[in-house]
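Below you'll find the structure, written out as structure tokens, and then a few comments.
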Amino acid sequence: MILADSRPQLAPKARLRFDRLSGGYLLLYPERGLALNPTAASTLQLCTGELTVEGIVIDCSSSIRTRPGERSRSRCSSSSKS
């Protein structure tokens, strides 16, 4: 069970990379890779060990609550490339 106050982060050998060819994010780890949908990529960008699970949920849920055409201040809905 993942606790609300835990601070998730990628495993040391895992990398989140933007793929210019596909225009999407990839989760790369030894011998494997996974193409991520925009929601998964945005969520993984928050898994740096700084935010708690609860903080990530709050951030992502705030992006869902915004009305169409309204800009969200949530980091979860950002499309910044790393």
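Bear in mind these aren't lab numbers, they're just calculated from the coordinates by the rules spelled out. These figures come from a predicted structure and were not determined experimentally. Note: ideal-geometry Cβ built from the backbone for every residue, glycine included; neighbour counts use all protein chains shown.
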Keeping to region 40-55, report how many residues are over 23 Å from residue 24 (Cβ atoms) and surrounded by 17 or more Cβ atoms within 10 Å (Cβ to Cβ).
0
Residue that is surrounded by the fewest Cβ atoms within 10 Å (Cβ to Cβ) [pool: residues in region 1-35 that are out of contact with any helix residue (DSSP H, G or I) (no Cβ under 8 Å at 6 or more places or on another chain) and among the acidic types (Asp, Glu)]:
31
